[in-house]
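Notes follow once the structure below has been shown.
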Amino acid sequence: SQTIHQWPATLVQPVGSPLSLECTVEGTSNPNLYWYRQAAGRGLQLLFYSVGIGQISSEVPQNLSASRPQDRQFILSSKKLLLSDSGFYLCAWASGTGVDTQYFGPGTRLTVL
Amino acid sequence: AQSVTQPDIHITVSEGASLELRCNYSYGATPYLFWYVQSPGQGLQLLLKYFSGDTLVQGIKGFEAEFKRSQSSFNLRKPSVHWSDAAEYFCAQSGGSYIPTFGRGTSLIVHP
């Protein structure tokens, strides 16, 4: 069966510090991968998606970036965090096209102080 | 552009009462529709999905949803709510692209 992991679960970082969140998927090949952010009381905001190694599409211009160095690994990064980067970050995977179900990881709670 | 509307930000029900969460979509062709549930501090979990066929779909945890093309709706229902159903519920659609469109979510509060 397929599983999706995210770490860390919780992170507190000062403004201006770098960020690296990691997501890995097991039990499937060539998944589509997604990074979402949820601000408090808000819905899901799609940040990045990837349909293959090295292929990243950005949905929202910001100080975040994403990389996919391996088929089942998706990394969200920032060189300098802003207060507005605080939120709940979710990684998800899906097979095939967007008609398929998305499977979400447990999320990372990021607080920028 | 595709959009999903969940008109209710919060819904409060008593335990044991019936529940209906509303969802309206905009897409010219037949969309692929989903309902997800999110417990506090956790990721989203699929409740049910509609691709084609029978317009009444059954999901996990006793939930069902009905696709109504004439009303562009895909409302989620449960005949008797349990306290453990308190969570955030998201409706989503996919028009065949890699990127699904999510509604803003409805927060369900269950009173004992």
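The values are calculated or read from the model by the stated rules, or taken from the named source; none is laboratory data. Predicted model, so just to flag it, every value in this text is computed and none were measured. Here the Cβ positions follow ideal geometry from the backbone for every residue, glycine too, while neighbour counts run over all protein chains shown. When the accessible area is computed, the model is the full protein with side chains, heavy atoms only, and any ligands, DNA or RNA have been set aside. Shrake-Rupley method; radii C 1.70, N 1.55, O 1.52, S 1.80 Å.
Let me know the Rg and Dmax you get for the protein assembly as shown when you use only its Cα atoms, in Å.
In order Rg, Dmax, the Cα atoms of the protein assembly as shown give 17.7, 53 Å.
Quick one: Debye curve from the C-alpha atoms of the stretch B:6-90, no solvent, what's log10 I(q)/I(0) at q = 0.10, 0.16 Å⁻¹?
Calculated log10 I(q)/I(0) at the listed q: -0.24, -0.61.
Could you give the dipole magnitude of chain B about its Cα centre, charging the beta-carbon of Lys and Arg +1 and that of Asp and Glu -1, in debye to the nearest 20?
220 debye
Could you sort the peptides A:8-21, A:76-89 by per-residue average Cβ neighbour count (10 Å cutoff), highest mean leading?
Result, highest mean first: A:76-89, A:8-21.
Can you count the Lys pairs in the protein assembly as shown with C-alpha separation below 24 Å, eight or more apart or on different chains?
Close lysine pairs under the 24 Å cut-off: 5.
Output the relative contact order of the stretch B:3-111, whole-number percent, from Cα pairs under 8 angstrom with separation of 6+ residues.
38 percent
Which whole number in µm²/s is D for chain A by Stokes-Einstein, with the Kirkwood Rh taken over Cα pairs at 10 °C and 1.306 mPa s?
Here the translational diffusion coefficient equals 113 µm²/s.
What is the distance, in nm, between label points placed 7 Å from the Cα along the Cα-to-Cβ direction at B:Ser3 and at A:Gln13?
With each label point 7 Å from Cα toward Cβ, the separation is 3.3 nm.
Cα centroid distance between the stretch A:44-107 and the stretch B:1-76, in Å?
Measuring centre to centre over Cα atoms gives 24 Å.
Quick one: which of B:37-44, B:69-76 comes out on top by average Cβ neighbours within 10 Å, and what's the full order, highest first?
Packing proxy ranking, top to bottom: B:37-44, B:69-76.
Efficiency by 1/(1 + (r/R0)^6): what FRET value for B:Leu56 and A:Ser58, r their Cβ-Cβ distance, R0 = 30 Å, to the nearest 0.05?
Here the calculated transfer efficiency is 0.20.
What are the ³J(HN,Hα) values, in whole Hz, obtained from phi via the Karplus relation 6.51 cos²θ - 1.76 cosθ + 1.60 with θ = phi - 60°, for each residue of the stretch B:19-25 in sequence order, with x given for Gly and Pro?
For the stretch B:19-25, the Karplus-derived couplings read 9, 9, 10, 8, 8, 10, 10 Hz, x marking Gly and Pro.
When Cβ neighbours within 10 Å are restricted to other protein chains, what is their mean count per residue of peptide A:12-20?
Mean shielding count: 0.
Measuring from label point to label point, each 7 Å out along Cα→Cβ, what is the B:Ile109 to A:Gln73 span in nm?
4.5 nm
Mind listing the Cα extents of the stretch A:29-68 along all three principal axes, in Å, largest one first?
Taking the Cα atoms of the stretch A:29-68, the three principal extents are 34, 22, 11 Å.
If B:Thr30, B:Thr12 are ordered by their accessible area, calculated over protein heavy atoms with a 1.4 Å probe, which sequence runs from highest to lowest?
I get B:Thr12, B:Thr30, largest accessible area first.
Using only protein heavy atoms and a 1.4 Å probe, report how much of B:His82 is accessible, in Å² to the nearest 10.
We get 80 Å² for B:His82.
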